[in-house]
Amino acid sequence: MGLILAVVVHAGNIQDRDGAKLVLGRLAGRFPRLKLIWADAAYGGRLVEWTKRFSWALEIVKRPKDQKGFAVLPRRWVVERTLGWLGRYRRLSKDYEERPESEEAIILIAMINLMVHRLEPG
């Protein structure tokens, strides 16, 4: 199973579901093996139907109804862990960048650095 990294930085006044369309729109036609996308409850609703036009299944990861307190949800930890890794980079620890394109580039550079170090630690 491969992980696809798509980065889109947008203004804070764009709702999560609309921002997801920006990310997913960049993936359309580029990854023919992409079939399943996991998302949290904030991305439900019409976005689930919207992804079907690309032959993707958007699976909403929800906590069980009877759950009380904190528990690790399936697949959610992957996103949280990745955001934690990115937060260790000084340029990404605060909003230093003024342009979304610059922030996207810094995120991609940080992820390349992380992946290269996974191949050859040291």
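The values are calculated or read from the model by the stated rules, or taken from the named source; none is laboratory data. Treat the numbers as computed from the prediction; the structure is a model and nothing was measured. Here the Cβ is made from the backbone with ideal geometry for all residues, glycine too, and neighbour counts use every protein chain on show.
Structure values in brief
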quantity	calculated
Of all residues making up the range 32-47, the number that are surrounded by 13 or more Cβ atoms within 10 Å (Cβ to Cβ) and either outside any helix (DSSP H, G or I) or of a type in the set (Val, Ile, Thr) (or both)	6
Close pairs from the range 64-75: first surrounded by fewer than 10 Cβ atoms within 10 Å (Cβ to Cβ), partner assigned to a loop (DSSP other than H, G, I, E, B), Cβ under 8 Å, at least 6 apart	Ala71/Arg63
Within the range 83-122, tally of residues that are without any contact (Cβ under 8 Å) to a residue 12 or more places away in the chain, hydroxyl-bearing (Ser, Thr, Tyr) and surrounded by 13 or more Cβ atoms within 10 Å (Cβ to Cβ)	1
Qualifying residues in the range 48-104 (those that are among the basic types (Lys, Arg) and in a helix (DSSP H, G or I)) - the one nearest to Leu24 (Cα to Cα)	Lys52
Conditions (1) touching a helix residue (DSSP H, G or I) at 6+ places or on another chain (Cβ under 8 Å); (2) modelled with pLDDT of 80 or more; (3) at negative phi; number of the one not met by Pro32	(1)
Check on Ile60, touching a Leu at 6+ places or on another chain (Cβ under 8 Å), without any contact (Cβ under 8 Å) to a residue 24 or more places away in the chain and either surrounded by 13 or more Cβ atoms within 10 Å (Cβ to Cβ) or of a type in the set (Gly, Ala, Ser) (or both)	no
